[in-house]
1. Estimate the FRET efficiency between Gln32 and Ile88 by the formula 1/(1 + (r/R0)^6), using the beta-carbon distance for r and 22 Å for R0, to the nearest 0.05.
2. With +1 assigned to the C-beta of every Lys and Arg and -1 to the C-beta of every Asp and Glu, and no other charges, what is the dipole magnitude of the chain about the Cα centre in debye, to the nearest 20?
3. With each pseudo-label sitting 7 Å past Cα toward Cβ, what's the Gln77-Lys265 distance in nm, one decimal?
4. Once you have a ≥ b ≥ c as the square roots of the Cα gyration tensor eigenvalues for region 1-150, tell me rounded if a/c is under 1.5, and otherwise prolate or oblate according to whether a/b is larger than b/c.
5. Mind checking which lysines have their C-alpha under 26 Å from Lys28, skipping anything on the same chain fewer than 8 residues away?
6. Show that you can apply the helix-only estimate: for the chain, add -39,500 (n - 2.57) for every DSSP H stretch of four or more residues, divide by all residues, and state [θ] at 222 nm to the nearest 500.
7. If you stretched the chain out fully between Phe218 and Gln200, how much longer would it get, using 0.36 nm times the residue separation minus the C-alpha to C-alpha distance?
8. Taking region 25-106, which trypsin sites (Lys or Arg not before Pro) meet the DSSP loop condition and have no more than 13 other C-beta atoms within 10 Å?
Amino acid sequence: MVQRITMAPQGPEFSRFVMGYWRLMDWKMSAQQLVSFIEAHLELGITTVDHADIYGGYQCEAAFGEALKLAPHLREQMEIVSKCGIAITARPENTLGHYITDSDHIIRSAEQSLKNLATDRLDLLLIHRPDPLMDADDVAEAFLALHQSGKVRHFGVSNFTPRQFTLLQSRLPFTLTTNQVEISPVHQPLLLDGTLDQLQQLRIRPMAWSCLGGGRLFNDESFRPLRDELKTVAQEVGADSIEQVVYAWILRLPSQPLPIIGSGKIERVRSAIAAQQLQLTRQQWFRIRKAALGYDVP
Ligand code: NAP
């Protein structure tokens, strides 16, 4: 069973592994098949689901909502995370991709997410990407209005630098709940640039996206040495697959990230969570770091 974790000193509590729904439209599931998929990961204890307004060209939330309309009782068993702040050209009025963090846009986007997801509240709303035109007071105004109306319970950010995080936090009467960032052996900069250190300091848990490099871990030629090392470590610790070792490598970080699983195959989801039982030694952890980076620690 998947462990539970408190995201920040003021809560909320999420499942240690999160189900990511970015690729939902690629999975080609009917609403009924999606209900079965959701039931299956809930049964494993993965109760937190990750969405964004733009996923699937603005279609994923509504597809998920169709499943919830078939099985509305499932809503009470899960925590829904969504995001806003990116505009993509899937909408004709967006002549180019850009960021948009104006107060009225944040409120409108969150309300649209509620409608699409067939729910009356989001458990967590994130600003998807740092916006050079972000006015922190304006974002705070939107967060407060959404909080007061009961439409959104908690707020956070994604892909923010520590400075950007601190700026937005300085305008809020409540604690941001996460910074959702890319963490994996194939993307390690945030491990040492202060991003995870800030979250550890504040006892706020990161959410980790693209833990498997978006699938590139398995087929990119340049990751062959990493795959070889992961296979060796998998044998040493009795793991069933290299991805289990990757998840164990991420779980080992003291900031306590929540890996977001991106697979639409329930066997892979089930296999991922077995990583909770794996313990990597420091040397195994650093061998994986080295195999990914191609050089030793200084
Ligand atoms: P990921 O786990 O790195 O990649 C998932 C991809 O890897 C899927 O296409 C999956 O295909 C494939 N895969 C998994 N296991 C495999 C295996 N053993 N062999 C071959 N392919 C395999 O995660 P991600 O989808 O990139 O990201 C996870 C979630 O993070 C997203 O759903 C989204 O919620 C979130 N995210 C957030 C941001 C942000 O900016 N905040 C950015 C990106 C993603 P199958 O479906 O066939 O298994």
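Where a number appears in this text, it was derived from the coordinates with a stated rule and is not lab data. As the structure is a computational prediction, the values presented were derived from the model and not from experiment. Neighbour counts are summed over all protein chains in view; Cβ atoms, including those assigned to glycine, are modelled from backbone coordinates with ideal geometry.
1. My answer for the efficiency is 0.15.
2. So the dipole magnitude of the chain works out to roughly 640 debye.
3. Calculated label separation equals 2.4 nm.
4. Cα axes put region 1-150 in the oblate bin.
5. Result set, ordered by chain and number: Lys69, Lys83, Lys115, Lys265.
6. Result for the chain: -11500 deg cm²/dmol, rounded to the nearest 500.
7. Taking 0.36 nm per residue and subtracting the Cα distance, the gain is 3.5 nm.
8. Answer in residue order: Lys28.
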